[in-house]
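Below: the structure, in structure tokens.
The values are calculated or read from the model by the stated rules, or taken from the named source; none is laboratory data. The shown structure was predicted, so the numbers you read here are calculated from the model rather than taken from an experiment. Cβ placement follows ideal geometry from the backbone for every residue including glycine, while neighbour counts extend to all protein chains displayed. We work out accessible area using only protein heavy atoms, side chains counted, and drop any ligands, DNA or RNA first. Shrake-Rupley method; radii C 1.70, N 1.55, O 1.52, S 1.80 Å.
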Amino acid sequence: LLKEAHPDWSPEAVKSALMTSARQDVARDAEGTAANPFDMGSGHIDPNAAFDPGLVYETTPEEYDAFGCGIESPAVDPARCAELETLGFSFAPEDLNQPNISVGRLASQQTVTRRVTNVSDQGATYVVEVTPPNGVAVAVSPTTLSLGPRESATYEVTFTYTSGPLHLWRFGELRWVSPDRTVRSVLAIRPASIVAPAEITGFSGSGTASFDIEFGY
């Protein structure tokens, strides 16, 4: 239905419209326990709202390849990864331009980048609203986006661990709000005491290697 209404939309735009316009009044079980994002994802599809989402998050083939390089997928050729690195693409998996944001290991502070495109036929100004995860400070820059039709803009979200138990997932929301629309993203953050490589690999009998460690204390 969305493709019929918007033949020029990419699959990523369709997915984004469904995710950012979903409703969250979803129960986990027959007893009516409220669902969390790990139960329901972005929520329950609202088809009418998805027809006119305002902003969408689109992902290019280059960004998908950069994501593959970041998770060391064998499907992406090392030469392709070297090319993308030269072009300045981020290999951080959390930087893949998806509507929702997940950081699986937040030691102290991390900044994530996102890009939105206005798919409305009119210009609009959006102001950010944030419901931060418990014990995590969230700063967004810029806090206002003014976009004409088909214009895109990039923003950054900085997460800072402040308090609470480690190694537990916390959830929040980031919303871009205009007079007519709300574009909602789920935030899923898991603070950690330390961030370091899971393993270091070498190919000689002796030698040294260097790696980065980020401490959360």
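Within the stretch 190-201, restricting attention to residues that are more than 17 Å from HIS167 (Cα to Cα) and of a type in the set (Val, Ile, Thr), which residue is surrounded by the most Cβ atoms within 10 Å (Cβ to Cβ)?
The selected residue is ILE200.
From (1) open to solvent by less than 30 Å² (accessible area, probe 1.4 Å); (2) touching a strand residue (DSSP E or B) at 6+ places or on another chain (Cβ under 8 Å); (3) in a loop (DSSP other than H, G, I, E, B), pick out the condition that doesn't hold for ALA13.
Going through the list (1) open to solvent by less than 30 Å² (accessible area, probe 1.4 Å); (2) touching a strand residue (DSSP E or B) at 6+ places or on another chain (Cβ under 8 Å); (3) in a loop (DSSP other than H, G, I, E, B), ALA13 breaks only (3).
Does the stretch 61-68 include one or more residues that are in contact with a Cys (Cβ under 9 Å, 6 or more places away or on another chain) and over 29 Å from LEU147 (Cα atoms)?
Checking the stretch 61-68: at least one residue is in contact with a Cys (Cβ under 9 Å, 6 or more places away or on another chain) and over 29 Å from LEU147 (Cα atoms).
Looking at SER120, SER102, SER108, can you tell me which residue is more than 17 Å from THR158 (Cα to Cα), polar (S, T, N, Q) and in contact (Cβ under 8 Å) with a residue 60 or more places away in the chain?
SER120
Give the number of residues within the stretch 20-61 that are open to solvent by less than 80 Å² (accessible area, probe 1.4 Å), in contact (Cβ under 8 Å) with a residue 12 or more places away in the chain and in contact with a strand residue (DSSP E or B) (Cβ under 7 Å, 6 or more places away or on another chain).
14
Which condition breaks for ASP121 when tested against (1) among the acidic types (Asp, Glu); (2) modelled with pLDDT under 95; (3) surrounded by 14 or more Cβ atoms within 10 Å (Cβ to Cβ)?
Condition not satisfied by ASP121: (3).
Can you name the condition, by its number, that PRO93 falls short on among (1) within 28 Å of TYR217 (Cβ to Cβ); (2) under 14 Å from the mean Cα position of the chain (by Cα); (3) open to solvent by less than 50 Å² (accessible area, probe 1.4 Å)?
The single condition PRO93 does not satisfy is (3).
Given the conditions (1) under 21 Å from GLU12 (Cβ atoms); (2) at pLDDT 95 or above, which single one is not true for ALA75?
Among (1) under 21 Å from GLU12 (Cβ atoms); (2) at pLDDT 95 or above, the lone unmet condition for ALA75 is (2).
Pick out, from the stretch 131-179, the strands (runs of 3 or more DSSP E) lying fully within it that include 3 or more residues that are open to solvent by less than 50 Å² (accessible area, probe 1.4 Å) and either on the phi < 0 side of the Ramachandran plot or touching a residue at least 60 places away in the same chain (Cβ under 8 Å) (or both).
It comes to 136-141, 152-161, 170-177.
Looking at ARG184, ARG170, ARG190 in this structure, which one is farther than 26 Å from ILE71 by Cβ, of a type in the set (D, E, K, R) and modelled with pLDDT of 90 or more?
Within the list ARG184, ARG170, ARG190, the selection yields ARG184.
Tell me, yes or no, whether the stretch 202-213 has at least one residue that is surrounded by 10 or more Cβ atoms within 10 Å (Cβ to Cβ) and closer than 20 Å to VAL112 by Cβ.
no
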